[in-house]
1. Of the residues that sit in segment 35-51 and are aromatic (F, W, Y) and within 22 Å of L171 (Cα to Cα), which one is surrounded by the fewest Cβ atoms within 10 Å (Cβ to Cβ)?
2. For segment 163-265, which helices (runs of 4 or more DSSP H) that fit wholly inside it have 3 or more residues that are touching a residue at least 24 places away in the same chain (Cβ under 8 Å) and buried (at least 20 other Cβ atoms within 10 Å of the Cβ)?
3. Would you check if there is a residue in segment 202-210 being closer than 21 Å to P128 by Cα and either among the basic types (K, R) or under 18 Å from the mean Cα position of the chain (by Cα) (or both)?
4. Restricting attention to segment 11-34, and to residues there that are closer than 22 Å to E258 by Cβ and aliphatic (A, V, I, L, M), which single residue is surrounded by the fewest Cβ atoms within 10 Å (Cβ to Cβ)?
5. Test each condition in (1) over 26 Å from H246 (Cα atoms); (2) part of a loop (DSSP other than H, G, I, E, B) for S59 and report the one that comes out false.
6. Quick one: which residue in A29, A65 is of a type in the set (A, V, I, L, M, F, W, C), touching a Pro at 6+ places or on another chain (Cβ under 9 Å), closer than 28 Å to D191 by Cα and not in a helix (DSSP H, G or I)?
7. Would you confirm whether or not segment 112-122 contains a residue that is in a loop (DSSP other than H, G, I, E, B), among the β-branched types (V, I, T), in contact (Cβ under 8 Å) with a residue 40 or more places away in the chain and farther than 16 Å from S245 by Cα?
8. Search segment 120-162 for residues being within 20 Å of A192 (Cα to Cα) and of a type in the set (S, T, Y), and hand back the single one that is surrounded by the fewest Cβ atoms within 10 Å (Cβ to Cβ).
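The values are calculated or read from the model by the stated rules, or taken from the named source; none is laboratory data. Worth saying up front: this structure is predicted, and the values here are computed from it rather than measured. Reconstructed Cβ throughout: ideal geometry from the backbone, glycine too, with neighbour counts over all protein chains shown.
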Amino acid sequence: MPKLKAGDLNLHYEQQGAGDPLILIPFLAADHACYAFQVAEYSKHFMCISVDLRGTGESDAPKSAYSTEDLSDDIAAFMQALNIPKAHIAGLSLGAVVGIWLGAKHPGMVRSLSLHSAWTKTDNYLRPLIQTFQIVAKSLNSVPEMVVQSLFTWCFTPELYVEKPDYIQQLADFVRSRPQQSLESFMLQSDAVVKHDVEAHMSKIQAPTLITFGQQDVATSPARFAGPLRKGIRQSELVIFEGCSHAPIYEKVEEFNEKTLRFLKRH
């Protein structure tokens, strides 16, 4: 379980596989293990490096406010500390918007971008949703329970809940088994999500970019964000996963891995 000094932070990460480096950036309230289903396949072709963002997992948890842009600077410093001049970058949700900032601010460090369930700017629909997660986390005094009881319902389709209750329970057990994010760290991280706005910088991205959404995603619906992302990022292509909500990485694992690997292998 290695840790690395990246700027002022000690960041924990896991590395698996060999080949060109692929850095996976976690989503809200998650640690590096959230991409376990992807690393199992990706690591057959790439050196997968899954990192705990500040305030999650076993990384340092500073107590000052920060932005999604700051998180991208953390990843840039992390890459420099690992002596990785250029890498494929992938992330879902918060991980994706951190990837957008990284591609815009440090274009020379990004070989390709894989942006899953991303958004350009937190809008008047997404903002109160994130604030609701904050209220629930405070009420339950538990970030993992907020994830299971509230965030899950926005990540998965009703059909998955009805047809695969045992799978939902397995995912819930997995969340509860991971290092628990503190309420304070979650508030700082979710505040960064609430303030996110990268619209004015997307044209700086040079890397070929894969943009994906779940067709039934409400939180970051393709109807709201696919167009602005495609317009803002010149070398971009779009994939929509049918029968999925915000987290196709769990709802359509095989299809997600196959289509995203196809993109990664081309670049």
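1. Among residues in segment 35-51 that are aromatic (F, W, Y) and within 22 Å of L171 (Cα to Cα), the one surrounded by the fewest Cβ atoms within 10 Å (Cβ to Cβ) is F37.
2. Filter on segment 163-265 gives 183-194, 222-232, 248-251.
3. Among the residues of segment 202-210, not one is closer than 21 Å to P128 by Cα and either among the basic types (K, R) or under 18 Å from the mean Cα position of the chain (by Cα) (or both), which makes the answer no.
4. Only one residue tops the list, namely A18.
5. Tallying (1) over 26 Å from H246 (Cα atoms); (2) part of a loop (DSSP other than H, G, I, E, B), S59 fails exactly one: (1).
6. Result of the check over A29, A65: A29.
7. Scanning segment 112-122, I find at least one residue that is in a loop (DSSP other than H, G, I, E, B), among the β-branched types (V, I, T), in contact (Cβ under 8 Å) with a residue 40 or more places away in the chain and farther than 16 Å from S245 by Cα, so the answer is yes.
8. Y125
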